[in-house]
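Visitor: Sharing a structure, written as structure tokens. Questions coming.
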Amino acid sequence: MHHEDKKFKVGVLGATGTVGQRFISLLAEHPYFVIHALGASQRSAGKKYPQAATWKQVKPIPSAVREMVVLECKPEHFAECSVVFSGLDADVAGDIEAAFRAAELSVFSNAKNFRRDPNVPLIVPLINTSHLGMIPQQQSLHAPPLKKGFIVTNANCSTTAFVVPLAALEKAFGPIESCIITTMQAISGAGYPGLPSLDILDNVVPYISGEEEKIEWETLKILGGISEDDGVKAFDMHSRHPLRISASCNRVPVIEGHTETVSVRFARRPPPSPQQVREALVAFTSDAYALGCPSAPRHTVFVHEEPDRPQPRLDRDFQNGAGVCVGRVRQCRVLDIKFVAMANNVAIGAATSSIINAEFAVLKGLITP
Ligand SMILES: NC(=O)c1ccc[n+]([C@@H]2O[C@H](COP(=O)([O-])OP(=O)(O)OC[C@H]3O[C@@H](n4cnc5c(N)ncnc54)[C@H](OP(=O)(O)O)[C@@H]3O)[C@@H](O)[C@H]2O)c1
């Protein structure tokens, strides 16, 4: 369907970082997108990509990128692109992404800066692509109104892992009333070089700054709907059925893949059985996969029957890290049901989410060359 010369030219912002490198690996062989420009800080600008990046991917640097010179993150350098993917540091992402939007580029971001913006969708592409419906309002509020420019964010990596099974369960059994999550998060979630080895080897660090608040807030925006009053749209934050969430976040000595234990209580009485929950998770298919997004996984939630799975080292590359793995679905004696969820924090937790969001936007005609 898309020939080489018809592909969308895309830029990667924060191209040298952990998420930026994953963008480059995934985009190097993409059916819709071709990498056209790379941006990072002034420290990297002017250098060829291999000199600017500390490359930490299993696959070598794609040949199309080896000779590219890293640019400063200014929209004029990306004028030929229609889409940019952002893996920018949160300290700078706000201003830079706003400038790219104002220059009529479609921005798909991993950074936290716009996740709470009332007109910016926060999309986990396996569950709430319907929130793309907020884009026209976002564009109309800009002065002058934008024709092509917009920002779409994806969730924090630790939110993504459990919110996908939660969405599947709400679809099958109605609202969830409360949820308790304990995370065991990989080191790569903090970017490179991350924690000093002496802090994380042989250790568990029971604190990740801002993470618990992000989980508790983002989940409501993602699982909620969009209400409309007098023609003005707003994210309803799951307010029709209040959802209480308590998260405890820990950093563990794993390189890639966040593992989380989750307990949920359903509004409906009696609650579904563990077997009904397993079946609902297996049956759940994303709209992104149904629509034909090339990076969407066939199994949105893969349910393990083995009692000791999922495990990050064994399961993080299944389906290229684009789905969520769940196991140990069983009764909870305090809430209703508990299970373990695992997701690749740099794939569906970051770069893969942005890419599927962009694929979905292409297939829905929201991005034009
Ligand atoms: N790692 C994950 O699993 C994950 C998951 C979800 C979301 N995120 C989010 O994604 C973003 C990137 O995370 P990361 O782990 O990839 O971080 P990282 O490895 O530290 O990379 C940060 C990137 O931002 C660039 N940058 C820093 N200062 C800049 C400036 N003043 N102007 C332009 N570019 C600048 C860096 O370029 P230089 O190399 O030139 O400094 C680098 O390319 C963060 O907002 C993070 O919270 C990360």
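Visitor: Leaving out same-chain residues fewer than 8 places away, which lysines sit with a Cα under 30 Å from that of residue 233?
Guide: 112, 147, 148, 171, 214, 221, 364
Visitor: With the alpha-carbon atoms as the only input, what is the per residue convex hull volume for segment 160-344 in Å³?
Guide: On the way: hull volume 26.2 nm³, N = 185.
Output value, Cα hull per residue: 141 Å³.
Visitor: Can you work out ³J(HN,Hα) from phi for every residue in segment 313-330, in order, using Karplus 6.51 cos²θ - 1.76 cosθ + 1.60 and θ = phi - 60°, giving whole Hz and x for Gly and Pro?
Guide: Here the 3J(HN,Hα) series is 5, 8, 10, 5, 9, 4, 6, 6, x, 8, x, 10, 9, 10, x, 6, 6, 7 Hz.
Visitor: How many percent of Cα pairs in segment 65-212 exceed 20 Å?
Guide: Result: 59 percent of Cα pairs exceed 20 Å.
Visitor: For Cα pairs less than 8 Å apart in space and 6+ apart in sequence, what is the mean separation divided by the residue count of segment 160-344, i.e. the relative contact order in percent?
Guide: It rounds to 29 percent for segment 160-344.
Visitor: Quantify how much of the Cα-Cα distance distribution of segment 235-293 extends past 19 Å, in percent.
Guide: Here the tail beyond 19 Å accounts for 63 percent of pairs.
Visitor: List the residues whose amide H sits under 5 Å from the amide H of residue 336, counting only those 5 or more places along or on another chain, with H placed 1.01 Å from N in the peptide plane.
Guide: For residue 336, the qualifying residues are 264, 265, 266.
Visitor: Counting other C-beta atoms within 10 Å, which of 281, 146, 366 has the fewest, and how do the rest follow?
Guide: Details: 281 23, 146 20, 366 16.
Fewest to most other Cβ atoms nearby, the residues stand as 366, 146, 281.
Visitor: Apply the Karplus curve 6.51 cos²θ - 1.76 cosθ + 1.60, θ = phi - 60°, to the phi angles in segment 300-310 and return the couplings in whole Hz, x for Gly and Pro.
Guide: 3J(HN,Hα) across segment 300-310, in whole Hz: 4, 10, 9, 9, 7, 9, 4, x, 10, 10, x.
Visitor: May I pose another question? Given a Förster radius of 30 Å and the C-beta distance between residue 232 and residue 102 as r, what FRET efficiency does 1/(1 + (r/R0)^6) yield to the nearest 0.05?
Guide: That pair, residue 232 with residue 102, gives E of 0.85.
Visitor: Taking H placed 1.01 Å from N in the peptide plane, check which residues at least 5 places from residue 226 or on another chain put their amide H under 5 Å from its amide H.
Guide: Residues meeting the amide H criterion: 236.
Visitor: Over the alpha carbons of segment 1-81, what is the largest minus smallest coordinate on each principal axis, giving the biggest first in Å?
Guide: Ordered largest first, segment 1-81 gives principal extents of 39, 32, 20 Å.
Visitor: What is the Cα convex hull volume of segment 174-282 when expressed per residue in Å³?
Guide: Roughly 146 Å³ of hull volume per residue.
Visitor: For the chain, what log10 I(q)/I(0) values come out of the Debye formula at q = 0.09, 0.13 1/Å, with one point per alpha carbon and no solvent?
Guide: -0.48, -1.02
Visitor: For the chain, what relative contact order do you get, as a whole percent, if you take Cα pairs closer than 8 Å and at least 6 residues apart?
Guide: Rounded, it is 17 percent for the chain.
Visitor: What three numbers, in Å, describe the spread of the alpha carbons of segment 57-146 along their principal axes, ordered from the longest?
Guide: 40, 31, 24
Visitor: What is the spin-label model distance, in nm, from residue 190 to residue 91 if the labels are put 7 Å beyond Cα along the C-beta direction?
Guide: About 1.5 nm, to one decimal.
Any read-out appearing in this document is the output of simple, stated calculations on the displayed coordinates, not a laboratory observation. Because the structure is predicted, anything quoted here is derived from the model rather than measured. Counting neighbours? That spans all protein chains shown, and the Cβs are built from the backbone with ideal geometry, glycine included.
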